[in-house]
Amino acid sequence: MKRPKLAGVFLFVGFLLVYLMFVKRHYNTLQPEVYRLPPHHRLTDNNWPVSAAGRSDQYGIMFDAGSTGTRIHIFKFQIKHKEAPKLAHETFRAIKPGLSAYADDPEKCTSGIMELLEVAKSSIPSFLWNTTPVVLKATAGLRLLPGEKANHLLDQVRMVFLESPFLFRDASVSIMEGTDEGISAWITVNFLTGGLHSNNLATVGILDLGGGSTQITFSPQDEKTIQTSPIDYIRSFQIFNNTHTVYTHSYLGLGLMSARLAVLGGVDASPLGGSTELVSPCLAPEYSGRWEHADIVYTVKGQKAGEAAYEACLNKVEKVLYRKVVKASEAADMDFYAFSYYYDRAVDLGAIEERRGGTITVADYIDGAKRVCSSLSISPLQNPFLCLDLVYISVLLQELGFPPHKRFKLERTINQVETSWALGATFHYIESLKRH
């Protein structure tokens with residue numbers, strides 16, 4: 001009598017197994033298909049697509065939010081395992097004005113940012129959008145704004161980036177420290193010249209003269225420089241598995257536009273005594289015109305001085321720079337690249353060709369300043385501030401420790417890549433993605 005019961009148990013278990021197999025198969029058909037990257041597009045730890053052959057194309061988007069405009073740099077890199085990246089291509093666009101011009105109406109800054117993001121979309125394959133980091137670094141223009149106004153502008157940019165298809169983190173939008181600006185420019189130039197990843201090539205120093213700040217950065221060869229410099233002027237950092245120690249400092253308020261305002265008698269972010277009229281011996285005596293800086297429109301006029309225009313202007317500039325700059329004696333013996341307004345004013349002076357660049361000495365700036373200041377006149381073909389700007393540059397370089405015979409290389413691009421901090425900052429950000 002027990003066998004039929006046993007047979008019934010086996011029969012029940014059999015039906016149960018068949019039912020469970022049916023349910024499992026039916027459930028699997030309802031599950032979404034798991035997408036697996038093909039072997040030629042594996043993901044590394046930092047979410048970059050890497051080919052099975054160990055090589056990949058990677059992109060990075062860097063917004064340079066400067067005092068006079070916003071620029072987008074779209075870099076394409078070729079990456080091989082355990083090798084420094086190679087820059088394959090750069091796409092560059094610029095718009096004006098800078099973010100700081102929207103300080104009182106921050107929502108209006110978004111249209112320009114979205115316009116530049118469209119350039120990025122058209123330059124990068126869509127399947128790489130979500131692994132391409134987008135970063136905005138604001139420089140002196142926002143550093144000079146009240147904190148609350150600067151933060152409102154950055155929040156607007158964050159909202160635009162958050163809606164974009166690119167890889168974004170809150171920390172990707174920030175105000176760049178001046179020293180980081182100098183270090184990133186140093187990385188850019190030395191990557192492009194080969195000194196960053198070569199034991200056979202010496203690194204070069206960089207001088208950057210922006211609108212609101214100016215930077216000097218170089219790698220000291222003399223231990224005495226490291227020991228005697230102010231402690232916050234010496235920085236060490238890692239990139240491409242190497243440690244570099246540099247002398248670097250950013251002088252906020254000594255960029256060409258901020259310094260021009262100071263020489264004219266104004267103060268950044270507020271007209272002197274509520275007035276927007278500025279008078280200076282650095283301008284042609286009969287000159288009267290309008291000049292906009294940091295969203296304030298000034299009326300500027302020339303002034304007949306009791307002495308020659310060059311000497312009168314030199315006196316004004318020396319007072320502005322008095323005891324504000326530290327001399328770096330070792331720098332005088334090193335090779336330096338100078339760019340931004342150093343380049344632009346050399347072009348205005350006729351010392352270099354705008355497209356090709358060239359070299360210039362401190363003495364060239366001094367002689368050019370004397371020549372321009374001695375023949376001040378109102379001309380639609382000449383920058384009315386050229387005398388002032390050249391005097392300022394020549395004094396600034398000497399205050400930094402460069403003698404009159406010191407020669408600088410002036411290059412707007414190296415290997416068709418702009419000599420700015422943007423490339424170096426992109427490298428630095430990608431390195432940080434690997435570490436976190």
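Here are some notes:
- Here the range 194-248 was treated as a single set of alpha-carbon atoms; its pair distances binned every 10 Å from 0 give 20, 49, 28, 2 percent.
- Scaling the Cα radius of gyration of the range 299-436 by the globular reference 2.2 N^0.38 Å produces a ratio of 1.24.
- The modelled label-to-label distance for the pair Thr276/Ala202, using points 7 Å beyond Cα in the direction of Cβ, is 5.0 nm.
- Ellipsoid equivalent to the range 353-394 - semi-axes via the Cα gyration tensor, in Å: 19, 14, 8
- P(r) for the range 197-354, from all Cα pairs and a bin width of 5 Å, is 2, 7, 13, 16, 18, 14, 10, 9, 6, 4, 2, 0 %, short bins first.
- Binned Cα-Cα distances of the range 139-180, short to long, each 10 Å bin given as a whole percent: 27, 49, 23, 0
- Take the Cα of Asn241, step 7 Å toward its Cβ, do the same at Gln221, and the gap between the two points is 2.7 nm.
- Dividing the C-alpha radius of gyration of the range 148-248 by 2.2 N^0.38 Å, with N its residue count, gives 1.32.
Bear in mind these aren't lab numbers, they're just calculated from the coordinates by the rules spelled out. Because the structure is a prediction, the values reported are computed rather than measured. Cβ: placed from backbone, ideal geometry, glycine included. Neighbour counts: every protein chain shown.
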